[in-house]
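The values are calculated or read from the model by the stated rules, or taken from the named source; none is laboratory data. No experiment lies behind these values; they were computed from the predicted model shown. For neighbour counting, all protein chains shown are included, and Cβ atoms are generated from backbone atoms with ideal geometry for every residue, glycine included.
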Amino acid sequence: MYLNKLFAITADMGGWELFVNSLWPMIQGGIKYTIPLTLIAFTFGISLALITAIMRLSKYKFLSIPARIYVSAVRGTPMLVQLFIVFYGLGQIGFTIDPFPSAIIAFSLNVGAYASEVIRASILSIPKGQWEAAQTIGMGYSQALRRIILPQATRVSIPPLSNTFISLVKDTSLASLILVTELFRKAQEIAARTYDFMLLYVEAAFLYWIICFLLSLVQDRIENRLDRYVSK
């Protein structure tokens with residue numbers, strides 16, 4: 001395997017050689033696990049967030065109360081604890097889940113809770129006149145929400161949701177603690193063999209920074225395009 005060759009070669013290497021040779025295994029971990037984990041968890045999380053936000057805005061308590069409890073429970077506990085509950089806790093009571101799906105579940109639930117508050121606030125930011133205008137042309141609640149309110153709320157929610165996505169990229173490093181071999185886990189594996197922890201952890205931080213920087217550029221571009229449709 002490439003890693004075994006790397007560990008043998010880097011035993012007597014200087015810092016620069018170790019940096020260069022460890023770069024590709026970390027990038028592989030990012031491509032194979034970090035990025036897919038982020039995309040899948042964010043997709044599920046946003047879907048859950050939309051449902052939760054609508055439930056919280058409902059006038060029916062049997063919908064709004066469970067949504068409130070879910071959001072409060074997730075926001076009031078550390079993500080690491082949630083990850084351990086899904087992977088280790090559920091396994092102890094007979095629901096054994098592999099590391100990668102466990103990470104998807106935990107991160108999706110976390111994103112769903114935080115993003116639901118963003119979406120809820122975005123919906124509430126739309127003037128009530130928009131609802132009234134929709135009603136005057138014969139639209140019901142769900143139709144007005146789908147055709148009038150949510151498109152406007154989407155534009156408002158893009159910046160905070162983009163920040164949530166970027167934060168999720170960094171938070172995926174926690175998956176290394178349940179043996180998902182993502183970017184940071186690769187850094188840990190190499191550091192455990194070479195004992196050059198400082199260099200390898202700084203290298204991992206550098207790669208995370210590059211990913212987040214590129215995503216920030218995409219976020220700025222999306223926001224600039226959306227601003228074209230806003231009256232000044």
When region 177-186 is examined, which residues are found to be part of a helix (DSSP H, G or I), closer than 23 Å to Gln82 by Cβ and not aromatic (Phe, Trp, Tyr)?
-> Leu177, Ile178, Leu183, Arg185
The helices (runs of 4 or more DSSP H) lying entirely within region 71-166 that contain at least 3 residues which are surrounded by 20 or more Cβ atoms within 10 Å (Cβ to Cβ) and modelled with pLDDT of 95 or more are 99-125
In region 36-60, what count of residues is obtained for those that are aliphatic (A, V, I, L, M), closer than 30 Å to Tyr201 by Cβ and in contact (Cβ under 8 Å) with a residue 24 or more places away in the chain?
-> 3
Tyr195 surrounded by fewer than 20 Cβ atoms within 10 Å (Cβ to Cβ) and under 15 Å from Gly29 (Cα atoms) | no
Residue identified as over 25 Å from the mean Cα position of the chain (by Cα), over 15 Å from Ile51 (Cβ atoms) and among the aliphatic types (A, V, I, L, M) among Ala133, Ala121 | Ala133
Select, from Leu174, Leu150, the only residue that is farther than 17 Å from Leu48 by Cβ and of a type in the set (A, V, I, L, M).
-> Leu174
Being closer than 19 Å to Phe100 by Cβ, touching a residue at least 60 places away in the same chain (Cβ under 8 Å) and assigned to a helix (DSSP H, G or I) narrows Leu174, Leu207, Leu199, Leu226 down to just Leu174
Selected residue [within 22 Å of the chain's Cα centre (by Cα) and on the phi > 0 side of the Ramachandran plot] from Leu168, Leu174, Leu207, Leu179 | Leu179
